[in-house]
Amino acid sequence: MLEKQSNLKAWLYLLPAMALLLVFTFYPLFNAFYLAFLRNYSYLNRTAEGYTLFGNFIDVVQDVNFKTAMKNTSIIVFVSVPISVMVALFISVALNSIKKLQGMFQTIFFLPYVTNAIAIGMAFAFIFHQDYGLFNMFLGIFGIDPVNWVGLGASWSTAMFALLVYTVWGGLAFKIMVFLAGLQNIDKQYYDAARVDSTPKWRVFSRITVPLLSPMIAYITITSFIGAFKAYRTIIGMFGPTLRPPGTLSKDSLITIVGLVYDSLSQADAVGKISQAAAASIILFLITLSFTGVQMMISKKRIHY
Amino acid sequence: MEKINKVIIKEEKIDIKESKRREIISKVIIYAFIVFFAIIVLIPFYWMILTSLKTLDQIESEIPPTLWVSFKNMMFVNYLNALEAAPYLRYMLNTVIVATISTVGTIFTTIFAAFAFARLNFKGRDIIFMVLISTMMIPGEMFVITNYITVSRLGWYSPFSQTFGQALLALTLPFMTSIFYIFFLRQAFKQIPDELYLASKVDGTSDFKYLWRIMVPIAKPTIITITILNAMGTWSAYIWPNLVTKEVEYRLVTNGLRNAYLDLTGRVAYNEQMAAAMIVTFPLLVVFLLLKKYIMRGVSRSGIKG
Amino acid sequence: MEIRLENITKIFVQKDKSEVVAVKSLDITIPTGKLVGLLGPSGCGKSTTLYMIAGLLKPNGGRIFFGEEDVTDTAPEDRGIGLVFQNYALYPHMTVRQNIMFPLENIKVPKPEALVRAQEMANLVGIGELMDRKPKELSGGQQQRVAIARALVKKPRVLLLDEPLSNLDARLRLQTREEIKRIQRETGITTIFVTHDQEEAMSISDEIVLMDFGEKRQVGIPQYVYDYPENLFSAKFLGTPPINIFEGEIKTKKVILDGKAIGITKGTNQKIVIGIRPEGFVLDEKGTFELVVDMVETISRDTSLIIIDPTRENETFRAIVDSKHRIKPGDVLKVSIKTDKLFVFNFETGELIK
């Protein structure tokens with residue numbers, strides 16, 4: 001009957017999902033910590049030389065790529081996210097205010113959401129091609145000489161610029177979708193009231209729209225930070241598995257924290273590398289965890305109007 | 001007698017023409033802004049298509065590049081060449097197989113688990129659900145490491161030998177369920193009124209039959225969303241297939257993209273490269289345009305993709 | 001078939017482990033072929049009782065009998081009941097026909113027969129031509145009928161209706177309650193329905209069971225319960241406008257209100273609660289009370305007088321008189337009280353004093 005607890009039956013229904021989660025989610029979660037504390041672990045021989053508390057983390061931090069990865073990741077996170085949030089906000093508000101062709105433009109702005117990061121990354125790399133690229137052609141209109149953005153021997157800063165442009169572009173669709181949904185939930189009465197008072201458009205934007213949308217803006221910003229910390233596929237798309245323009249040094253690499261994880265994992269056969277990958281993934285986890293914490297604090301406070 | 005305080009309201013002259021003019025100007029600015037960004041959003045797609053239809057000589061000789069190719073000059077042959085440069089047809093077949101297996105698997109495990117969480121009453125339900133939800137914020141890389149080891153230990157992947165069957169197991173089994181989809185479907189199930197369940201109980205419907213005859217049909221839009229998202233995820237999978245397949249032929253479409261596209265003389269064949277990118281992108285765009293409604297449902301609930 | 005509840009108790013355990021008694025030692029007998037209304041304010045345990053009869057809830061104590069058969073531990077599907085939910089609980093993805101046929105599927109009725117039976121039922125409730133519609137294409141009243149057809153199609157022994165009219169607008173409510181009465185008469189099925197609306201219960205029930213705080217307060221033919229309330233709760237719950245309540249006392253077998261004797265009783269000297277129905281006041285030149293009219297509401301043939309209560313400050317009560325009397329606010333009226341509209345209750349227990 002209804003109130004009766006149906007433990008056995010419930011677990012039968014849960015069994016397939018739970019078994020899979022146990023093997024491929026929960027066990028890996030704990031194992032990542034276990035691996036990170038093993039000294040000189042070899043997964044091929046299944047041997048380790050005891051335990052170490054910070055050894056693997058120190059190895060990660062002292063890795064030549066670590067500083068680069070932290071720098072790159074931070075730039076991607078703290079430059080691309082605010083820009084794309086702002087641009088997305090403006091586009092959403094503009095889109096929400098028009099009637100004609102709104103559906104068509106919506107579809108256009110949503111398009112990048114479904115696309116393949118690798119494929120579009122390649123397209124962007126070609127847009128930034130020194131000789132055949134669209135971007136230099138565009139600069140040429142203003143009399144600027146072609147820049148070697150991502151080609152052979154391109155500098156870190158130009159490559160990073162191109163990557164940021166791509167990252168902002170790639171992040172717009174999702175944010176516009178969410179903002180538009182939020183805007184459509186705002187009661188039209190506020191706007192009618194503002195209209196009756198003949199409030200100028202920019203004031204409507206800054207005094208009504210943004211404050212009413214503030215919880216959503218905060219949510220999107222933080223989840224986008226978390227998402228951007230995991231940047232990797234975009235870089236593979238633009239620069240390939242080496243994660244840097246051809247003919248450049250590893251200090252000019254565009255490697256990210258996730259890149260570090262996969263870098264170590266690709267050398268899994270070497271002693272200690274798996275542990276380093278685990279340690280790097282834990283560092284990433286702790287960073288995202290702190291952002292999740294911030295988000296929870298904010299959503300509790302509810303920074304409404 | 002009461003004294004009446006009069007507030008004197010002065011009528012302000014409103015210049016209708018002036019306000020009309022302003023209205024039009026702001027409309028123009030807004031549309032210009034939208035069109036500008038719409039073009040920026042479309043450029044990579046356009047550039048991809050355009051480049052994929054040019055000859056390599058054209059690409060290399062036209063500086064600055066031309067922005068149009070007339071129909072009679074379109075080099076559709078680039079697509080054929082791109083398909084031959086990497087085992088693309090094989091990749092597509094693999095992708096379809098992997099997507100089918102993992103999606104069917106995911107749908108089943110998800111439906112059962114979501115049903116248990118939404119409908120059944122069992123000990124520890126809320127705690128278990130909370131634990132599941134909280135693992136959603138953990139970056140996937142943490143799982144990948146051990147899953148790579150697990151898959152190797154189970155003998156499904158080794159750098160020395162691997163059968164297609166083993167590759168399929170490695171490619172699908174870890175993705176046969178998803179906490180996010182369980183959560184998503186549970187929400188949809190929860191919206192079905194309890195009375196429907198009670199009504200079916202009065203009629204002697206078993207839980208299992210209620211799930212398949214009533215809940216699943218009602219939650220069909222959500223299940224379609226899950227199917228689409230999952231299939232698209234497989235289509236765009238890159239890292240995991242790269243990690244756990246030994247043979248190049250066992251990989252998926254997206255893996256083919258990082259192939260070296262060179263022409264006979266060793267030049268980078270940008271047109272073929274872009275054709276390949278287009279081959280991967282085009283189906284996604286079509287699916288999106290056709291099934292936008294379903295995909296959008298998922299967006300409102302998902303955090304961040306990727 | 002007769003339905004008998006013996007000493008039924010239902011206790012709900014809350015999230016914080018505290019217990020709430022929803023139904024307390026309830027004894028009810030529902031006679032064969034009758035339409036019985038379970039009536040009471042929200043939270044009185046009437047829906048819980050219905051769900052226990054349906055078998056969707058299991059009582060913590062007591063037995064439930066269908067005829068001679070003890071069904072307390074019988075699963076809902078084996079009890080032979082039809083249940084209509086407050087929000088109808090129609091399966092939204094199925095057509096009307098599929099909805100009505102669904103219960104037959106479970107008892108493995110062959111499809112041709114099921115089709116015939118579904119159509120019969122649909123005709124009975126008057127939706128025979130809507131069989132291919134989806135629930136959301138129907139009006140509230142039509143959905144209600146589909147729900148009834150679905151409940152009746154497997155020929156249950158008992159039909160249970162949970163707040164069957166509460167989701168309908170006022171006009172449809174009137175129409176539908178007649179419809180329910182008709183269907184019940186035509187099928188002769190023992191029917192129990194739950195409602196918080198006394199007018200609804202009184203208009204169609206053969207018998208009502210009045211409940212409060214999980215306990216049965218009175219059972220009987222609606223008009224009888226109205227005319228002879230056994231306790232203050234029954235008196236207060238039935239009747240619109242509701243009965244007027246005053247404090248008074250019994251002195252030497254006389255009912256005293258505001259210092260005046262208004263009736264006689266068998267009760268001993270004590271403090272009492274006096275209830276007087278609004279129609280119990282009569283304009284009478286020789287009346288014992290002089291009352292001041294505060295407001296007058298005339299609705300068709302009745303005039304409702306809001307009268308200043310002489311026994312309490314800032315309180316008013318209501319009397320209904322024929323609208324032929326021309327009364328203005330501020331008038332002073334001489335009034336006497338009809339003894340058959342006057343009830344006397346124990347001040348502590350609320351029980352009727354004869």
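Each Lys and Arg Cβ is given +1 and each Asp and Glu Cβ -1; about its Cα centre, the range C:247-346 then shows a dipole of about 460 debye. Residues considered: C:K111, C:K271, C:K216. Largest GNM mean-square fluctuation over chain C, using C-alpha springs under 10 Å, is found at C:K111. If you run the Gaussian network model on chain A, springs between alpha carbon atoms under 10 Å, then out of A:I274, A:I141, A:I83 the most flexible one is A:I141. Dipole orientation for chain C: of the candidates C:L333, C:F12, C:I276, C:F12 has the Cα lying most toward the positive pole (charges on Cβ; Lys, Arg +1; Asp, Glu -1). Each chain gives up part of its surface: C and A jointly bury about 400 Å² of accessible area, both sides summed, for a 1.4 Å probe.
Out of the trypsin sites (Lys or Arg not before Pro) in the range C:34-115, which ones are loop residues according to DSSP with at most 10 other C-beta atoms within 10 Å? Show your work: numbers first, answer last.
Working: sites: C:K34, C:K46, C:R63, C:R79, C:R97, C:K108; in loops: C:K34, C:R79, C:K108.
For trypsin sites (Lys or Arg not before Pro) across the range C:34-115 that sit outside H, G, I, E and B with at most 10 neighbouring Cβ atoms in 10 Å, the list reads C:K108.
Classify the range C:219-320 as rounded, prolate or oblate from the Cα gyration tensor: take a ≥ b ≥ c as the square roots of its eigenvalues, call it rounded if a/c is under 1.5, otherwise prolate when a/b beats b/c and oblate if not. Cα axes put the range C:219-320 in the oblate bin.
Give, rounded to the nearest 20 debye, the magnitude of the charge dipole that the range A:112-253 has about its Cα centre when Lys and Arg contribute +1 at Cβ and Asp and Glu contribute -1 at Cβ. Before the final figure, lay out the partial values.
Numbers: 10 positive and 6 negative charges, 69 e Å.
Roughly 340 debye for the range A:112-253.
About the centre of its Cα atoms, the range B:176-260 shows a dipole size close to 140 debye [charges on the beta carbon of Lys, Arg (+1) and Asp, Glu (-1) only; nearest 20 debye]. Here the accessible area of the range C:1-85 is 47 percent carbon and sulfur, with a 1.4 angstrom probe and all protein chains present.
Label C:N167 and A:F78 with points 7 Å out from Cα along Cα→Cβ: what is the distance between them in nm? Using points 7 Å along Cα→Cβ, the separation is 5.6 nm.
Can you tell me how chain A classifies by the Cα gyration tensor, rounded, prolate or oblate, using a/c under 1.5 as the rounded cut? Judged from the Cα gyration tensor, chain A comes out oblate (a/c at least 1.5, b/c at or above a/b). Roughly how many Å² of C:E207 are accessible to a 1.4 Å probe, to the nearest 10? Counting only protein heavy atoms, the figure is 40 Å². Membrane-span-like helices of chain B, defined as complete DSSP H segments with a Cα extent of 15 Å or more along the helix axis and a mean Kyte hydropathy of at least -1.0, are identified as B:16-52, B:88-119, B:125-135, B:141-153, B:179-190, B:220-236, B:270-301. Loop-located trypsin sites (Lys or Arg not before Pro) across the range A:4-52 with a Cβ neighbour count of 12 or fewer within 10 Å are A:K4, A:R46, with loop assigned by DSSP. Tell me which of A:V23, A:L12, A:L139 sits at the most positive position along the dipole axis of chain A, charges placed on C-beta atoms (Lys, Arg +1; Asp, Glu -1). Going by the charge dipole, the pick is A:L12.
Suppose a student asked you for the relative contact order of chain A, using Cα pairs under 8 Å spaced at least 6 residues apart; what percent would you report? Each step should come with its number before you reach the end.
On the way: 373 pairs, mean separation 88.9, N = 305.
Relative contact order of chain A: 29 percent.
Considering only B:R213, B:R186, B:R90, the Gaussian network model of chain B with Cα springs below 10 Å gives its largest mean-square fluctuation to B:R213. Residues of the range C:263-291 with an amide N closer than 19 Å to a point placed 7 Å from the Cα of C:Q223 along the Cα-to-Cβ direction: C:277-280. Normalising the average separation of contacting C-alpha pairs (under 8 angstrom, six or more residues apart) by the number of residues puts the relative contact order of chain C at 15 percent. Ranking B:F117, B:P174, B:V144 by how far each Cα lies toward the positive end of the dipole of the range B:94-237 (charges on Cβ) leaves B:F117 at the top. Applying both filters, DSSP loop and at most 11 other Cβ atoms within 10 Å, to the GluC sites (Glu not before Pro) of the range C:1-85 gives C:E68. Summed over both chains, the accessible area lost when A and B associate is about 8700 Å², using a 1.4 Å probe. Contact order for chain B, expressed relative to its length and based on alpha carbon pairs under 8 Å spaced 6+ residues apart, stands at 29 percent.
When all protein chains stay in place and ligands, DNA and RNA are ignored, the 1.4 Å accessible-area order of C:E351, C:E163, largest first, is C:E351, C:E163. Of the solvent-accessible surface of the range C:181-225, computed with a 1.4 Å probe over protein heavy atoms with every protein chain present, carbon and sulfur atoms account for 50 percent.
Can you tell me the FRET efficiency between C:I245 and C:E351 if r is taken as the Cβ-Cβ distance and R0 is 25 Å, rounded to the nearest 0.05? Walk me through the numbers before you get to the answer.
Numbers: r = 15 Å, r/R0 = 0.60.
Approximately 0.95, to the nearest 0.05.
With 10 Å² as the minimum drop in accessible area between chain alone and full protein complex (1.4 Å probe), the qualifying residues in the range B:24-41 are B:S26, B:K27, B:I30, B:Y31, B:F33, B:I34, B:V35, B:F37, B:A38, B:I40, B:V41.
With every protein chain left in place, what is the accessible area per residue of the protein assembly as shown in square angstrom, probe 1.4 Å? Intermediate values should be presented prior to the final figure.
Numbers: 45790 Å² over 965 residues.
Each residue of the protein assembly as shown exposes 47 Å² on average to a 1.4 Å probe.
For the set C:K24/C:K46; C:K216/C:K253; C:K134/C:K181; A:K9/B:K201; A:K230/B:K246; C:K324/C:K354, the pairs lying more than 23 angstrom apart at their alpha carbons are C:K216/C:K253; C:K134/C:K181; A:K230/B:K246; C:K324/C:K354. Would chain B count as rounded, prolate or oblate if I go by the C-alpha gyration tensor, calling it rounded below 1.5 in a/c and otherwise prolate when a/b exceeds b/c, oblate otherwise? Oblate. Residues of the range A:52-76 falling in the label zone of A:L249, defined by backbone nitrogen less than 19 Å from a point 7 Å along Cα to beta-carbon, are A:62-72.
Over the range B:16-75, with every protein chain in place, what whole percent of the accessible area is carbon and sulfur at 1.4 Å, could you tell me? Write out the running numbers ahead of the final one.
Values: 2780 of 3760 Å².
On the range B:16-75, the fraction of accessible area on carbon and sulfur atoms equals 74 percent.
The values are calculated or read from the model by the stated rules, or taken from the named source; none is laboratory data. Owing to the predicted nature of the structure, the values given are computational and were not obtained by experimental measurement. Cβ: placed from backbone, ideal geometry, glycine included. Neighbour counts: every protein chain shown. The area values use the complete protein model at the heavy-atom level, side chains included, leaving out ligands, DNA and RNA. Shrake-Rupley method; radii C 1.70, N 1.55, O 1.52, S 1.80 Å.
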